Amino acid sequence: MQTMAIQIQDDYVNDFMNYVNNHSDSITIKKDRNLELDPYFYERQKQLHQIRDDIKNGTMEMLSQEQYDKEIEDFFSTLEK
């Protein structure tokens, strides 16, 4: 069995559902709660995993809260000038 994500044009949904109903022994449709809440869930998840991996392997620096506060303070002070 294979799992796929599909996108269906709004004007084709009824035809698609008719096809699925006619082939219901071979096709199961299950809504993905993650995608209902956030259509970009899996893209964001992949990006966050990449960021975490980059931090772990040292290619990206993670700032401490103090470093972050200083960076933000410096940034806002440059905006005020």
Problem set entry | Helix axis angle, 13-22 relative to the chain longest principal axis, alpha carbon, degrees | 50
Problem set entry | Rounded accessible area per residue of the chain, 1.4 Å, Å² | 102
Seminar exercise, completed: Expressed as a percent, the accessible surface of segment 4-81 that is carbon or sulfur, using a 1.4 Å probe and the full set of protein chains, is 51
Exercise. Once the Cα gyration tensor of the chain is found, what semi-axes does its equivalent ellipsoid get, as square roots of 5 times the eigenvalues, in whole Å, sorted largest first?
Worked result: 46, 18, 9
For this session: With everything on Cα atoms, drop me the angle between helix 41-57 and the longest principal axis of the chain, reported from 0 to 90° to the nearest 10.
Result: 40
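The values are calculated or read from the model by the stated rules, or taken from the named source; none is laboratory data. The model shown is predicted, which means the values in this text are computed figures rather than measured ones. These area figures cover heavy atoms from the full protein model, side chains too; ligands, DNA and RNA do not enter into them. Shrake-Rupley method; radii C 1.70, N 1.55, O 1.52, S 1.80 Å.
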